[in-house]
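Asker: Right, I'll just put the structure down here and ask away after.
The values are calculated or read from the model by the stated rules, or taken from the named source; none is laboratory data. No experiment lies behind these values; they were computed from the predicted model shown. Heads up, the Cβs are rebuilt from the backbone with ideal geometry, glycines too, and the neighbour counts pull from every protein chain shown. Just so you know, the surface numbers come from the protein's heavy atoms only, side chains and all, with ligands and any DNA or RNA stripped out. Shrake-Rupley method; radii C 1.70, N 1.55, O 1.52, S 1.80 Å.
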Amino acid sequence: MAKDHVQIFDTTLRDGEQVPGCKLNTPQKLEIAERLEALGVDVIEAGFPISSPGDFHSVTEISKLVKNTTVCGLTRAVKKDIDVAADALKYAKRPRIHTGIGTSESHIKFKFNCDQDEIIRRAVAAVTHAKSYVEDVEFFAEDAGRTDNEFLAKVCEAVIKAGATVLNIPDTTGYCLPAEYGSKIKYLKENVRGIDKAILSCHCHNDLGLATANSISGVQNGARQIECTINGIGERAGNTSLEEVVMVLRQHPYLNLDTKIDATYLYGTSQMVSDKMGVPIQPNKAIVGANAFAHSSGIHQDGVIKNRETYEIINPHDVGVTESAIVLTARSGRAALAYRAKKVGYELTKLQLDEVYNEFLSFADRKKEIDDNDIHEIIKSCNVEVNAVA
């Protein structure tokens, strides 16, 4: 069965850059944009053009650089924002304006001090104006996660009539449970007239650690675009992680959903973004963290050495990682020690391994992690005649 294409909308250069203390200059943004296009993302949200002259310039330059990927600029539902975004995108081969407004009761009451009818009027006006500049218009219903489904459907129906080609349904505060978010997407698919004319998009935040789960639930229920960032960076607790959703879909082929991402670029792209943004990657980060393919438990090490699939559901090569790491600690077993010893040139017999292992444990209790130089020292201290590996 042919797999449905799930578009990847990367907002590393817009939402990702909203991390406090993180600021990219235009050359850095251009380098990342070029890498994102090579990675295979469908849409690059290049920035929020009206927010600053620097952001306007970056969006303009990215529009000139990118050859095939859609380049998107964010706006509020404000005419001036849209005018400025259209100007910044004028060189783009595939421009998209991303405009929208808050739709939850909280946003309507406290941010806009208006009523639902006024929100719909502003939404339609924004999409209509954006449509006068570009064919591809994405509408976001901010705080859709906490918006009443019936009203959200009315908003979506109105902006589709106005020309919206993509409907962004953000869980702006990261509040939804996966079943709730999936049900919201399903409700829109079943209750919005003209929904076949637009793509539903998931934009989930990670405040409760559910961004990836919510996005996957969204596409299982009919959404066909996921908005995400490299390493899941973004304000507060971050955004949906690009590398996570890509590999979830790859590892579950029965979903019949996939992206056109070249996964072998994931690790390198992760490292690039971390370096340029100055935001370290947590070691246990899924897919791209330093420990994602590292094993220090003796039981796990023995299994992985015998057959990688015993404890790894992803081949590290598939995401651009050279190999799994067998990390020697006091929790490691004989199999791991023999494996690492062979890597540095020693073929240990069973009796030799027993002798060296006792010395290894004493050494490991004094030192957190055993490196290759330590292995040489341990074997030397045991005074055993070890056959060198040819």
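Asker: Can you name the residue in region 181-232 that is polar (S, T, N, Q), open to solvent by less than 10 Å² (accessible area, probe 1.4 Å) and assigned to a helix (DSSP H, G or I) and is also nearest to Gly16 (Cα to Cα) among such residues? Don't jump to the end; show me each part of the working.
Answerer: As a first pass, look at region 181-232 and keep what is polar (S, T, N, Q): 183, 191, 201, 206, 212, 214-215, 217, 220-221, 225, 229, 231.
Next cut, open to solvent by less than 10 Å² (accessible area, probe 1.4 Å) only: 201, 214-215, 225, 229.
Narrowing further to those that are assigned to a helix (DSSP H, G or I): 214-215.
Values: Asn214: 18, Ser215: 17 Å.
Across region 181-232, the extreme among qualifying residues is Ser215.
Asker: Identify all residues within region 232-290 that are free of Cβ contacts under 8 Å to residues at least 24 places away in the same chain and closer than 22 Å to Val327 by Cβ; write none if there are none.
Answerer: If the condition is that a residue be free of Cβ contacts under 8 Å to residues at least 24 places away in the same chain and closer than 22 Å to Val327 by Cβ, then Gln271, Pro280, Gln282, Pro283, Asn284, Gly289, Ala290 are the ones that fit.
Asker: Which of the residues belonging to region 358-388 are over 43 Å from the mean Cα position of the chain (by Cα) and either among the aliphatic types (A, V, I, L, M) or in a helix (DSSP H, G or I) (or both)?
Answerer: Initial filter on region 358-388 (over 43 Å from the mean Cα position of the chain (by Cα)): 358-359, 379-388.
Within region 358-388, Asn358, Glu359, Ile379, Lys380, Ser381, Cys382, Val384, Val386, Ala388 meet the criteria.
Asker: Where the second residue is open to solvent by 70 Å² or more (accessible area, probe 1.4 Å) and the first is closer than 17 Å to Val159 by Cβ and lies in region 170-195, which pairs have Cβ atoms under 9 Å and are six or more apart or on separate chains?
Answerer: Listed by first residue and then by second, the contacts come to Ile185/Gln220; Tyr187/Glu150; Asn191/Glu150; Val192/Lys154; Arg193/Lys161; Gly194/Lys161; Ile195/Lys189.
Asker: Here's another thing I want to ask about it. From Glu37, Glu45, Glu31, grab the single residue that is among the acidic types (Asp, Glu), open to solvent by 50 Å² or more (accessible area, probe 1.4 Å) and modelled with pLDDT of 95 or more. It would help to see each step written out before you state the result.
Answerer: Details: Glu37 fails: open to solvent by 50 Å² or more (accessible area, probe 1.4 Å); Glu45 fails: open to solvent by 50 Å² or more (accessible area, probe 1.4 Å).
Within the list Glu37, Glu45, Glu31, the selection yields Glu31.
The rows are residues; the columns are (1) in contact (Cβ under 8 Å) with a residue 24 or more places away in the chain; (2) polar (S, T, N, Q); (3) in contact with a Cys (Cβ under 6 Å, 6 or more places away or on another chain).
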position: Gly303; (1), (2), (3): no, no, no
position: Tyr311; (1), (2), (3): no, no, no
position: Val319; (1), (2), (3): yes, no, no
position: Glu323; (1), (2), (3): yes, no, no
position: Ile326; (1), (2), (3): yes, no, no
position: Ser332; (1), (2), (3): yes, yes, no
position: Ala335; (1), (2), (3): yes, no, no
position: Ala338; (1), (2), (3): no, no, no
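Asker: Restricting to region 119-144, count the residues that are assigned to a helix (DSSP H, G or I) and free of Cβ contacts under 8 Å to residues at least 40 places away in the same chain.
Answerer: Kept after step one, since they are assigned to a helix (DSSP H, G or I), are these residues of region 119-144: 119-131, 144.
Imposing the further condition that a residue be free of Cβ contacts under 8 Å to residues at least 40 places away in the same chain reduces the set to 119-121, 124, 127-128, 131.
Number satisfying all stated conditions: 7.
Asker: A follow-up question, please. Say we look at region 292-323 and pick out the residues that are part of a loop (DSSP other than H, G, I, E, B) and touching a strand residue (DSSP E or B) at 6+ places or on another chain (Cβ under 8 Å); which of these is most open to solvent (accessible area, probe 1.4 Å)?
Answerer: Of the residues in region 292-323, the ones part of a loop (DSSP other than H, G, I, E, B) are 292-293, 296-297, 307, 311-315, 320-323.
Among the residues that remain, those that are also touching a strand residue (DSSP E or B) at 6+ places or on another chain (Cβ under 8 Å) are: 293, 296, 311.
Details: Phe293: 19, Ser296: 50, Tyr311: 97 Å².
Filtering region 292-323 for residues that are part of a loop (DSSP other than H, G, I, E, B) and touching a strand residue (DSSP E or B) at 6+ places or on another chain (Cβ under 8 Å), the one most open to solvent (accessible area, probe 1.4 Å) comes out as Tyr311.
Asker: Continuing with the same structure: So, of the residues in region 366-390 that are exposed (fewer than 11 other Cβ atoms within 10 Å of the Cβ) and among the polar types (S, T, N, Q), which turns out to be modelled with the lowest pLDDT?
Answerer: By that ranking, first place goes to Asn383.
Asker: Follow-up question, since we're still on this one. Return a yes/no flag: does region 234-252 have any residue that is part of a helix (DSSP H, G or I), crowded, with 19+ Cβ neighbours inside 10 Å and acidic (Asp, Glu). Steps first, answer last, please.
Answerer: We begin by selecting, within region 234-252, every residue part of a helix (DSSP H, G or I); these are 242-251.
From the residues that got through so far, the ones that are crowded, with 19+ Cβ neighbours inside 10 Å too are 242-249.
Filter once more, so that each one left must be acidic (Asp, Glu): 243-244.
Checking region 234-252: at least one residue is part of a helix (DSSP H, G or I), crowded, with 19+ Cβ neighbours inside 10 Å and acidic (Asp, Glu).
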